[in-house]
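Please read the structure below before turning to the comments.
Please treat every number below as a calculation from the coordinates, not as lab data. None of these values were measured; they are calculated from a predicted model. Cβ: placed from backbone, ideal geometry, glycine included. Neighbour counts: every protein chain shown.
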Amino acid sequence: MAAHEILAATQAVVSLDVGIPGTVWPWLVTVNMWAKSIGTGVIFMLFLLLRTHPESGKNLRFITAITAFIFINIFLLFTLADLHQPFRMWHIFFHPSWSSAITWGSFLASAFLGLLTLLVFMAWKSKTDEKCADSYDKVLLWTTILAIPVTLYTAALLSQCTARELWQMPAESAQMILAATLAGSATMILIGGNKLSYEAKKSLGVVLGLSALMAFIIYMSEYVFGPMKAEEIAATIEYIKGDGQYTVMFWLGQWMTYLLPMLLIVLSRASKSESILKLAAILALVGLFMVKHVWLMIPQLLPMS
């Protein structure tokens, strides 16, 4: 080894030899995921309604496009706010790293927002031009297809955190899709009002109930069987077991998001009560924020060294 190489090696400077203290992703990321679930979910539900209950779906073209546009902008705003160097975000587009989920997510979300903007314009024009309504439905198809990777993007981002065993890609992917269908159906129930027929509301209630059931099963599977998979998961789950730091919030979120809405949907179908269905939708949306926040925070509380 040359003398100058030995000198360079002995003068190496260690700038960081411990894990970053505290949480890297705070409540801003929770808002990010929650808003994204609503923004993509309402598009899924409008696509479903136009094919199963077209008369109800036609009345919701404009309000759905506006709702999706607002919540996707909230998603992008809070994503930008969480960046450590937000004024350098343009580097993502001009110097992209295609191995990063953030790069893919940025391009996909930007394209999705562009299509939503087009849908808002077409829905506004369709009030006076019937041809715009047909064009709207064609654009909606591509918007719905694009909504799938956009809502899965966060699962891909979480899975790249290789030291966080709780954020496994298969389970997180399912949870992101279910969060979108749950939030989308709940939001459509609330914004649809009298524009939705009773049959359309029943269909949205079924989607909400099944989404809640499947998501709850996945959470309970991770809660019960996760510790058998890795010691890190066992240590992480302790934050929501017994008298852990997030026990109350976790179980309150499970009841509000999944268990109570399922019960209320059954009651609403038995009594044909739209008020009970709306209550289920409100609880699901509020509880979803809590559930997402707990699942985001607890792996970050585990010391990395």
For this session: Cross-chain or 8 or more residues apart, Cα under 13 Å: how many lysine pairs in the chain fit that? Count them up, please.
Result: 7
Seminar exercise, completed: Rounded to 0.05, the calculated FRET efficiency for the beta carbons of residue 247 and residue 270 at R₀ = 25 Å is 0.15
For this session: Please identify, among 180, 65, 111, the residue showing maximal mean-square fluctuation in a Gaussian network model of the chain using a 10 angstrom Cα cutoff.
Result: 111
Seminar exercise, completed: Given 74-81, 130-137, the highest-first ranking by average Cβ count within 10 Å works out to 74-81, 130-137
For this session: Could you tell me which label, among (i) 80, 48, 25; (ii) 112, 51, 37; (iii) 68, 37, 36, carries the value of Cα extents along the principal axes in Å calculated for this structure?
Result: (i)
For this session: Could you pull out which residues in the range 102-135 have an amide N less than 12 Å from a spot 7 Å beyond the Cα of residue 62, following the Cα-Cβ vector?
Result: 120-129
